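The values are calculated or read from the model by the stated rules, or taken from the named source; none is laboratory data. This structure is a prediction, so every number in the text was calculated from the model and none was measured. Methodologically, a virtual Cβ is constructed for each residue, glycine included, from the backbone with ideal geometry; neighbour enumeration extends over all protein chains shown. For accessibility, only protein heavy atoms count, side chains too; no ligands or nucleic acids. Shrake-Rupley method; radii C 1.70, N 1.55, O 1.52, S 1.80 Å.
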Amino acid sequence: MPSRKFADGEVVMGRWPGSVLYYEVQVTSYDDVAHLYTVKYKDGTELALKESDIRSQSSFKHRKSQSSSSSPSRRSSSRSRSRSRSPGRPAKGRRRSASQSREHKDDKKKTVQETSLALPVFILFKPSENNTKRYNGEPESTEKNATSCIILEQKLKPDLEMKRVLEQYSLRSRKDDKKKEEIYSEKKTFVAVKPIEKVSTKTKDLEFGGRIGTFMLILLLPATVFYLLLMCKQDDPSLLNFPPLPALESLWDWRVFGIFILWFFLQAAFYLLPIGKVVEGLPLSSGRKLQYRINGFYAFILTAAAIGVLLYLQFELHYLYDHLMQFAVSALAFSLALSIYLYVRSLKAPEEELAPGGNSGYFIYDFFTGHELNPRIGSFDLKYFCELRPGLIGWVVINLAMLLAEMKIHNLSVPSLSMILVNSFQLLYVVDALWNEEAVLTTMDITHDGFGFMLAFGDLVWVPFVYSLQAFYLVGHPTTITWPVAAAITVLNCIGYYIFRSANSQKNNFRRNPADPKLANLKFIPTATGKGLLVTGWWGFVRHPNYLGDIIMALAWSLPCGFNHILPYFYVIYFICLLVHREARDEHHCKQKYGLAWERYCQRVPYRIFPYIY
């Protein structure tokens with residue numbers, strides 16, 4: 001095994017990935033397996049670099065001195081020649097001062113033109129304007145306006161036209177062309193290989209309590225689902241009134257399992273239909289972008305039509321209510337089998353396709369968090385499909401089954417007002433998610449987390465059977481509310497939905513096109529990755545306004561169930577814990593990714609989720 005060249009703590013010059021720019025960095029660690037150095041830039045950004053991308057400071061300065069001390073006869077600049085003249089020739093220089101001054105002005109103008117022509121190349125490769133200024137010792141601006149992108153683009157247009165003129169009529173000397181050719185060929189050796197070549201390294205920071213924590217979660221999460229479903233069936237669903245355990249043989253029904261399999265593959269068939277647009281996701285570590293078909297809303301319409309046909313044919317949809325526990329067991333068995341398949345296939349996946357958070361080398365941890373980032377069978381993306389289709393649409397179907405079961409059990413001609421509110425609020429949430437399906441491509445689930453037991457169980461078991469808890473509770477524990485109370489709860493849900501949707505739309509539109517004139521009023525902090533951190537609008541109010549809207553809606557979903565028991569409020573309590581934990585994960589990843597820019601953002605926006613509270 002070759003020995004490492006640079007020691008921990010050593011200050012060296014590191015090449016920014018995908019560019020020819022070198023910056024002063026400090027070596028923090030070395031991976032013996034991947035042969036990668038973890039280096040830290042001055043703005044706090046940490047990256048993994050190969051040894052070939054790192055140079056010692058002495059050799060870097062030596063190369064610079066060599067280029068500057070080249071023969072004066074080979075320099076094209078008149079200023080270089082004036083410095084290389086002997087002290088005994090100033091008179092000649094004075095006699096030619098007028099012409100020399102004109103030549104100097106022409107050369108200076110030419111230098112400015114060539115510098116401006118090189119500017120677009122520099123912009124493509126530099127980490128950020130703010131970052132470059134910091135390394136050059138210049139004062140930095142902490143905020144930018146989205147209109148600056150448009151102004152920059154307009155400024156570059158005449159430079160690009162000048163470049164085409166210069167190339168067409170060859171206004172430079174042959175020496176300049178030759179020198180530029182050498183520089184360009186040197187750039188090609190750096191750039192033409194791959195845009196950003198980043199080898200996946202082992203996951204060092206283990207989340208969810210590490211191996212012991214993930215093992216406990218694999219056991220506790222299914223137990224929590226079954227406990228909640230059993231509690232809802234009891235006449236007194238108090239926390240201290242533990243439900244009796246059912247017989248094991250009553251938990252499994254092959255017919256129920258067959259219906260679940262049929263449901264899963266029906267949604268898969270809808271996913272494969274050639275309807276809806278195809279979009280690209282965010283760039284992977286290799287620079288490649290995966291394609292996704294956006295047709296979740298069409299799948300929902302087709303599912304609604306199929307359910308309507310079943311009801312027209314007198315199919316008893318409240319069958320779901322009578323066998324909900326067996327459906328949950330079937331979903332658990334399927335998600336467990338899917339998780340095993342995903343882990344086994346991930347063992348043969350290339351290194352660059354592994355998830356950054358699920359490559360620890362520990363079986364239990366990688367099995368839980370997901371070892372492979374985007375497992376696909378052909379063009380069928382398993383994680384993306386499970387994220388919104390079978391579980392989220394299944395949640396609406398279960399809610400509808402609870403509504404029909406309530407009418408049948410209590411002999412009602414119309415559903416109760418509480419049941420109507422719960423169904424309506426949650427239907428709006430699901431339809432909104434499917435209508436804005438493209439937004440899920442920028443979430444942590446898609447971009448960072450692998451597809452393992454955590455997401456498979458969450459998508460197929462937790463979402464449909466825990467999120468429908470309020471409707472399930474109302475079937476056995478009817479609650480009467482007045483119209484003014486219902487109106488107040490509706491207003492609360494609308495406020496939460498408005499915050500949730502407008503915040504997400506603001507973020508997604510800015511990510512797609514920061515130069516959009518509609519976003520000209522938004523200010524942002526530039527980062528070393530080229531992305532901006534919004535400091536106005538909803539994202540200048542709190543760091544996660546979408547989480548705030550989510551929590552307000554979750555409370556509105558539970559209020560129609562009354563205050564007799566805490567069980568229907570489990571969703572709100574769990575959701576607050578989930579989003580606080582996810583916010584902590586976001587904080588950790590963003591601090592590593594954006595460095596000093598994230599610290600400035602936190603100073604500008606001090607509150608995380610709840611304004612003036614947290």
Can you tell me which residues in the stretch 471-482 are assigned to a helix (DSSP H, G or I) and open to solvent by less than 30 Å² (accessible area, probe 1.4 Å)? Ala471, Phe472, Tyr473, Leu474, Val475
Got a sec? Which of Gly540, Gly562 is under 23 Å from Tyr498 (Cβ atoms), at pLDDT 80 or above and not hydrophobic (A, V, I, L, M, F, W, C)? Gly540
Cβ-Cβ below 9 Å, separation at least six or inter-chain, first residue in the stretch 221-237 and on the phi > 0 side of the Ramachandran plot and assigned by the TED database to the domain that holds Ala247, second buried (at least 20 other Cβ atoms within 10 Å of the Cβ) and among the polar types (S, T, N, Q): which pairs? none
How many residues are in contact with a Leu (Cβ under 8 Å, 6 or more places away or on another chain) and not hydroxyl-bearing (Ser, Thr, Tyr) when one looks only at the stretch 333-357? 8
If we scan the stretch 27-45, do we find a residue that is more than 30 Å from Ser285 (Cβ to Cβ), surrounded by 14 or more Cβ atoms within 10 Å (Cβ to Cβ), among the polar types (S, T, N, Q) and modelled with pLDDT under 85? no
Anything in the stretch 211-245 that is in a loop (DSSP other than H, G, I, E, B) and either open to solvent by less than 50 Å² (accessible area, probe 1.4 Å) or within 30 Å of Leu310 (Cα to Cα) (or both)? List them, or say none. Gln234, Pro237, Ser238, Pro243
A careful count of residues in the stretch 503-554 that are open to solvent by less than 30 Å² (accessible area, probe 1.4 Å) and under 23 Å from Val430 (Cβ atoms) gives 13
So, Ala439, is that one outside the structural domain of Phe226 (by the TED database) and not hydroxyl-bearing (Ser, Thr, Tyr) or not? no
Right, Val485: outside any helix (DSSP H, G or I), open to solvent by 20 Å² or more (accessible area, probe 1.4 Å) and over 25 Å from Arg293 (Cβ atoms) or not? no
If the requirement is being among the aromatic types (Phe, Trp, Tyr), touching a helix residue (DSSP H, G or I) at 6+ places or on another chain (Cβ under 9 Å) and farther than 18 Å from Phe270 by Cα, which of these qualifies: Phe300, Phe315? Phe315
Considering only the stretch 400-418, how many residues are surrounded by fewer than 21 Cβ atoms within 10 Å (Cβ to Cβ) and of a type in the set (D, E, K, R)? 1
Filtered residues of the stretch 426-450 (kept if touching a Ser or Thr at 6+ places or on another chain (Cβ under 9 Å) and at pLDDT below 95): Asn436, Ala439, Leu441, Asp449, Gly450
Expected single match for free of Cβ contacts under 8 Å to residues at least 60 places away in the same chain, open to solvent by less than 50 Å² (accessible area, probe 1.4 Å) and over 24 Å from Ala471 (Cβ atoms) among Gly308, Gly276 is Gly276
May I ask you to say which residue of Leu421, Leu428, Leu455, Leu441 is open to solvent by 20 Å² or more (accessible area, probe 1.4 Å) and either more than 30 Å from Thr480 (Cβ to Cβ) or in a helix (DSSP H, G or I) (or both)? Leu428
In the stretch 288-303, is there at least one residue being within 20 Å of Gly450 (Cβ to Cβ) and either open to solvent by less than 60 Å² (accessible area, probe 1.4 Å) or modelled with pLDDT of 95 or more (or both)? yes
Candidate set from the stretch 324-382 (those that are of a type in the set (D, E, K, R) and part of a helix (DSSP H, G or I)); member that is surrounded by the most Cβ atoms within 10 Å (Cβ to Cβ): Asp366
